[in-house]
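Everything below concerns the one structure shown next.
The values are calculated or read from the model by the stated rules, or taken from the named source; none is laboratory data. On a predicted model such as this, the values are computed, not experimentally measured, just so you know. All Cβ positions, glycine included, derive from the backbone under ideal geometry; neighbour counts span all protein chains shown. When the accessible area is computed, the model is the full protein with side chains, heavy atoms only, and any ligands, DNA or RNA have been set aside. Shrake-Rupley method; radii C 1.70, N 1.55, O 1.52, S 1.80 Å.
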Amino acid sequence: QVQLVESGGGLVQAGGSLRLSCAASVRTFSSYAITWFRQAPGQARDFVAAINWSGSRTIYANSVKGRFTISRDNAKNTVYLEMNSLKPEDTAVYYCAADPSGQTTTQQYPYWGQGTQVTVSS
């Protein structure tokens with residue numbers, strides 16, 4: 001069983017930055033791909049960014065490309081989402097999900113965190 005815990009959310013002004021963390025409680029964390037999603041009130045859950053098991057491959061939604069950076073530290077069992085130049089439309093609950101295939105292309109997410117709220121004020 002993989003448990004994921006997101007942290008780092010909060011309230012920030014437009015143009016500001018936040019760094020989200022997704023910490024995993026599994027010994028084989030380095031074999032999982034991790035994906036960040038977000039969901040705004042009344043809207044569908046959207047893909048944000050993903051990173052493969054080694055960190056050698058990352059992909060981003062067009063809406064965050066150039067502003068967000070996903071990275072991982074397998075020694076700390078943690079994936080990060082650095083969010084810069086935040087906009088009010090980035091306001092959402094952010095979730096991380098683990099894919100046991102280790103690849104960003106498989107898109108299988110049996111494990112999810114509880115989410116962390118990000119609110120960007122204008």
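Looking at segment 105-121 only, could you name the residues that are in a loop (DSSP other than H, G, I, E, B) and modelled with pLDDT of 95 or more? Answer for segment 105-121, where residues must be in a loop (DSSP other than H, G, I, E, B) and modelled with pLDDT of 95 or more: GLY113, GLN114, GLY115.
Results for (1) at pLDDT 95 or above; (2) in a strand (DSSP E or B); (3) among the hydrophobic types (A, V, I, L, M, F, W, C), shown as yes or no for each residue.
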{"site": "VAL12", "(1), (2), (3)": "yes, yes, yes"}
{"site": "GLY16", "(1), (2), (3)": "yes, no, no"}
{"site": "TRP36", "(1), (2), (3)": "yes, yes, yes"}
{"site": "ILE59", "(1), (2), (3)": "yes, yes, yes"}
{"site": "SER63", "(1), (2), (3)": "yes, no, no"}
{"site": "LEU86", "(1), (2), (3)": "yes, no, yes"}
{"site": "ALA98", "(1), (2), (3)": "yes, yes, yes"}
{"site": "GLN103", "(1), (2), (3)": "no, no, no"}
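Scanning segment 39-71 for residues that are more than 16 Å from LYS87 (Cβ to Cβ) and either among the hydrophobic types (A, V, I, L, M, F, W, C) or in contact with a helix residue (DSSP H, G or I) (Cβ under 6 Å, 6 or more places away or on another chain) (or both) yields a total of 7.
Within segment 83-100, the only residue that satisfies the criterion of being of a type in the set (Gly, Ala, Ser) and in contact with a helix residue (DSSP H, G or I) (Cβ under 9 Å, 6 or more places away or on another chain) is ALA98.
Does THR69 satisfy being in a loop (DSSP other than H, G, I, E, B), open to solvent by 30 Å² or more (accessible area, probe 1.4 Å), without any contact (Cβ under 8 Å) to a residue 24 or more places away in the chain and not aliphatic (A, V, I, L, M)? Considered against the rule, which asks whether it is in a loop (DSSP other than H, G, I, E, B), open to solvent by 30 Å² or more (accessible area, probe 1.4 Å), without any contact (Cβ under 8 Å) to a residue 24 or more places away in the chain and not aliphatic (A, V, I, L, M), THR69 comes out as no. Taken as a whole, the condition of being farther than 16 Å from ALA98 by Cα, modelled with pLDDT of 95 or more and assigned to a strand (DSSP E or B) does not apply to VAL5.
Within the bounds of segment 87-98, is there any residue that is hydroxyl-bearing (Ser, Thr, Tyr), open to solvent by 30 Å² or more (accessible area, probe 1.4 Å), in contact with a Ser or Thr (Cβ under 9 Å, 6 or more places away or on another chain) and without any contact (Cβ under 8 Å) to a residue 40 or more places away in the chain? The answer is no, given that none of the residues of segment 87-98 is hydroxyl-bearing (Ser, Thr, Tyr), open to solvent by 30 Å² or more (accessible area, probe 1.4 Å), in contact with a Ser or Thr (Cβ under 9 Å, 6 or more places away or on another chain) and without any contact (Cβ under 8 Å) to a residue 40 or more places away in the chain. Note on segment 52-68: among residues that are within 20 Å of GLY15 (Cβ to Cβ) and of a type in the set (A, V, I, L, M, F, W, C), the one that is nearest to the chain's Cα centre (by Cα) is PHE68. Applying the condition of being of a type in the set (S, T, N, Q) and surrounded by fewer than 16 Cβ atoms within 10 Å (Cβ to Cβ) to segment 3-29 and asking which residue is farthest from THR105 (Cα to Cα) yields GLN13.
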